[in-house]
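Enquirer: Questions regarding the structure given below will be posed in turn.
The values are calculated or read from the model by the stated rules, or taken from the named source; none is laboratory data. Treat the numbers as computed from the prediction; the structure is a model and nothing was measured. Cβ: placed from backbone, ideal geometry, glycine included. Neighbour counts: every protein chain shown.
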Amino acid sequence: MTNEYSIAVLLPTRSRTTALTDSVTSIVTRAKDVSRIQILFALDNDDTVGLEHFEGVIQPFLDDHDVSYEAQAFESMGYAGLNRYYNHLGGNASADWLFVWNDDAVMNTQDWDQVIDAYTGQFRLLKVHTHNEHPYSIFPIVPKSWYDLFGHLSRHQMIDAELSQMAFVLDLMQVIDVHVTHNQVELTKDSSDPLKPKQRFEGNPANPWDFHNPQIQQRRYADCDIISNYMKTTGADTSWWENVKSGKQYPWTRLRELDINKQMKQFNMKTDATGKVIEIETDNAK
């Protein structure tokens, strides 16, 4: 099926006004061909500030620039349900690429859409340059076919980590020449930001909801098999993943290569007979 657009920008937002305006403005004004872009918004139906700002500022701007957009209002799912917003938006997209975007992000690269479009037809996860050159794709860009395989983008709240780790062990990560400023409150320490630092299910593998919990990891690896099987139908090389599974290839080689500022840690865990984590050690590689 042919998609209507080249790129769908997926954008959940809550309570931000100036930041959202800056974010949307940067996406639109720095695009080469805005007619090939679709912006999909997720808002909370109890967010009076956000809804009024969207209707009074964002909508008129998009209409003036002839941008295709849709907005959905949800019962609030909170930060714990962040992936669920993106999953819903991805299901409504009609684009070759799904771009996981934030309302605290600003696009810096002129003609960024043209850079992404140059990879259309390749089954890769695209990674932009952003804060501290984090090795993960903080704003993942994936083919719509990735979503179609599962009917969702991510099973876990930590959508950037989930997609990035899968891309690393499948050797699908592609760094592109696009630069983004991420004005995340944890980085800017902006006390005026309406959304304070949030709980992330990451860093405590003993928690069954944690991103690094062994059962969560196994679920992720099972999804990698689904992607690998799809890749085989297209004639793509899946030897990296096959070697990872057989123990011939260290799974995090590509991640280590991109971790130039040594931001990652690896959890070494022992579990009991039921799979419960009983001992955790960490080192500098994930």
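Enquirer: Can you pull out every residue in the range 133-156 that is under 8 Å from the mean Cα position of the chain (by Cα) and under 17 Å from residue 217 (Cα atoms)?
Expert: none
Enquirer: Looking at (1) part of a helix (DSSP H, G or I); (2) closer than 16 Å to residue 68 by Cβ; (3) aliphatic (A, V, I, L, M), which is the only condition residue 20 fails?
Expert: The single condition residue 20 does not satisfy is (2).
Yes/no matrix, rows are residues, columns are (1) out of contact with any strand residue (DSSP E or B) (no Cβ under 8 Å at 6 or more places or on another chain); (2) of a type in the set (D, E, K, R); (3) closer than 23 Å to residue 20 by Cα:
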{"site": "88", "(1), (2), (3)": "no, no, yes"}
{"site": "92", "(1), (2), (3)": "no, no, yes"}
{"site": "104", "(1), (2), (3)": "no, yes, yes"}
{"site": "123", "(1), (2), (3)": "no, no, no"}
{"site": "128", "(1), (2), (3)": "no, no, yes"}
{"site": "137", "(1), (2), (3)": "no, no, yes"}
{"site": "141", "(1), (2), (3)": "no, no, yes"}
{"site": "150", "(1), (2), (3)": "yes, no, no"}
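Enquirer: Go through the range 15-40 and count every residue that is touching a residue at least 40 places away in the same chain (Cβ under 8 Å) and buried (at least 20 other Cβ atoms within 10 Å of the Cβ).
Expert: So the answer is 9.
Enquirer: Mind checking whether some residue in the range 226-247 is in contact (Cβ under 8 Å) with a residue 40 or more places away in the chain, in contact with a Cys (Cβ under 9 Å, 6 or more places away or on another chain) and either not polar (S, T, N, Q) or not in a helix (DSSP H, G or I) (or both)?
Expert: Checked the range 226-247: at least one residue is in contact (Cβ under 8 Å) with a residue 40 or more places away in the chain, in contact with a Cys (Cβ under 9 Å, 6 or more places away or on another chain) and either not polar (S, T, N, Q) or not in a helix (DSSP H, G or I) (or both).
Enquirer: Can I ask one more? Quick test of your reading of the structure: residue 52 fulfils all but one of (1) modelled with pLDDT of 95 or more; (2) buried (at least 17 other Cβ atoms within 10 Å of the Cβ); (3) farther than 28 Å from residue 151 by Cα. Name the failing condition by number.
Expert: Evaluating residue 52 over (1) modelled with pLDDT of 95 or more; (2) buried (at least 17 other Cβ atoms within 10 Å of the Cβ); (3) farther than 28 Å from residue 151 by Cα leaves (2) as the failure.
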